[in-house]
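As structure tokens, the structure follows; a few thoughts come after it.
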Amino acid sequence: MPSSPHRALRALLALCTAAGLASVAAPTATAAGAASPGTGPTAVVTMGDSYISGEAGRWLGNSLTNSGNRNGTDRAWTGSGYDPSRVYGTTAGGCHRSDTAEVKSAGPLASSLINLACSGATTENVIRAAQGGRAYKGEAPQADQLAAVAASHDVELIALSIGGNDLGFADIIATCAKDYIVWYSYCHDDQQTEVDARIDGVMADVGRSVDEIRAVMTGAGYASSDYRIVLQSYPSPIPRAAENRYGESGWARTNTGGCPFWNADADWARDSLVPQLANRLKGVAAAKGVQFMDLRDALQGREVCAKASRQVTSTVATSGTTSEWARWIDSQSTQGLVQESMHPNAYGQQALGRCLALVHARPTGNHSCRNTAGSGPSAMYLTAG
């Protein structure tokens, strides 16, 4: 981590253009390989942005060591260098679909676990091209990719995470961090105004994304009872002020913890912004008749800088029970890419995968997914709501 706030600022400005998760390219349907609903290999599909595609899956916790395997946290270490494709495959540098992405960490839910999500995607990258959607990072809109999957597979469940980039999550994070490092001012007041001005339009676009998925599935011959859509919210990557192990004063939050936010801004993000978005997404799910999975508390106690977790060192090994489950802001860019910042890391993705598996087994109702203190990702559990 850096000792200079100016180097930190340069990387944080880069964060303004970053956001997203990753996935795996969809198979192409052919006339010979097409399947009708209920036939062909079963499939669970994930769609949307970086929080479901697998961004930051490269990391097993956070470590201050900048060389070698970073105390075992860097899964891209080859023994002599770094190869992100070991984690992100052919989508390294693009959609960043990691091998620990939610659907890949969910276990054997179906014959095929297909990740169509892409880091940085917005709702217009979900909507079909014929309906005004746009290709992204060299790939067709995700609904068009889904059409190929639906034609060749028996799709049972589609999980969707979208809206965060439309709302400007990356810009909000960068602004709040810059206000802490450079301007010594709060971000929550002006950012709340921005969120309030945009959120109605964003929710309308999220609803349209759900409609597009429905239209694709109907066009492929599926009845609404043949499959499920699960709309999910976002987990908070930073803790409340009272749960931060670093004091508000000094450079520890920036240089050591990688969580450069004022107490008031952290509390706003954790207890206002994330819940506001979750509640609005739940409203969309209700309006569209789909299931909702609330992830606002999924990383509770496992966030970056949380008192209940700790960094990995030469004497503190990587561990799903003690390490942080979200990627810090590597503000000097000494490890990996800045765009991985503030996303669930490999442990966090394993936890979200467990959440998906639990919801897969619950065909009705809305559910919140939480972790069990002192336990690893496999100990996630659901509560009603």
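Descriptive notes on the structure:
- Partner aspartates and glutamates for K282 [C-alpha distance under 13 Å; skip if fewer than 8 residues away on the same chain]: D294
- Formal net charge of residues neighbouring P260 (Cβ-Cβ distance under 11 Å; K, R +1; D, E -1): -1
- Using a probe of 1.4 angstrom and keeping all protein chains present, the accessible surface of segment 66-134 works out to 39 square angstrom per residue.
- Ranked by how many other beta carbons lie within 10 Å on average, peptides 367-379, 72-84 from highest: 367-379, 72-84
- The modelled label-to-label distance for the pair A286/Q131, using points 7 Å beyond Cα in the direction of Cβ, is 2.3 nm.
- Averaged over residues, the count of other Cβ atoms within 10 Å places the peptides 305-312, 291-298 in the sequence 291-298, 305-312, highest first.
- Inter-label distance, nm, simple model (7 Å from Cα along the C-beta direction), S80/T39: 5.1
- Antiparallel DSSP beta bridges within segment 41-175, percent to nearest 5: 20
- Surface analysis of segment 263-325 yields an accessible area of 34 Å² per residue, using protein heavy atoms and a 1.4 Å probe.
- Label zone of D211 (point 7 Å out along Cα→Cβ, amide N under 19 Å): in segment 127-144 this covers 127-134, 141-144.
- Antiparallel %, DSSP beta bridges [both residues in segment 246-385], to 5: 60
- The residues neighbouring H360, those whose beta-carbon lies less than 9 Å from its own, together hold a net charge of +1 under the Lys/Arg +1, Asp/Glu -1 convention.
- For the chain, the share of alpha carbon pairs falling in successive 10 Å distance bins from zero is 6, 26, 35, 23, 9, 2, 0 percent.
- Antiparallel DSSP beta bridges within the chain, percent to nearest 5: 30
- Apportionment of accessible area to carbon and sulfur, the chain, percent (1.4 Å): 52
- Sparsely packed chymotrypsin sites (Phe, Trp or Tyr not before Pro) within segment 165-215, loop by DSSP, other Cβ within 10 Å at most 14: Y184
The values are calculated or read from the model by the stated rules, or taken from the named source; none is laboratory data. Keep in mind that this is a model prediction, so the values were computed, not measured. No Cβ is skipped: glycine too gets one built from the backbone with ideal geometry, and neighbour counts run over all protein chains shown. We work out accessible area using only protein heavy atoms, side chains counted, and drop any ligands, DNA or RNA first. Shrake-Rupley method; radii C 1.70, N 1.55, O 1.52, S 1.80 Å.
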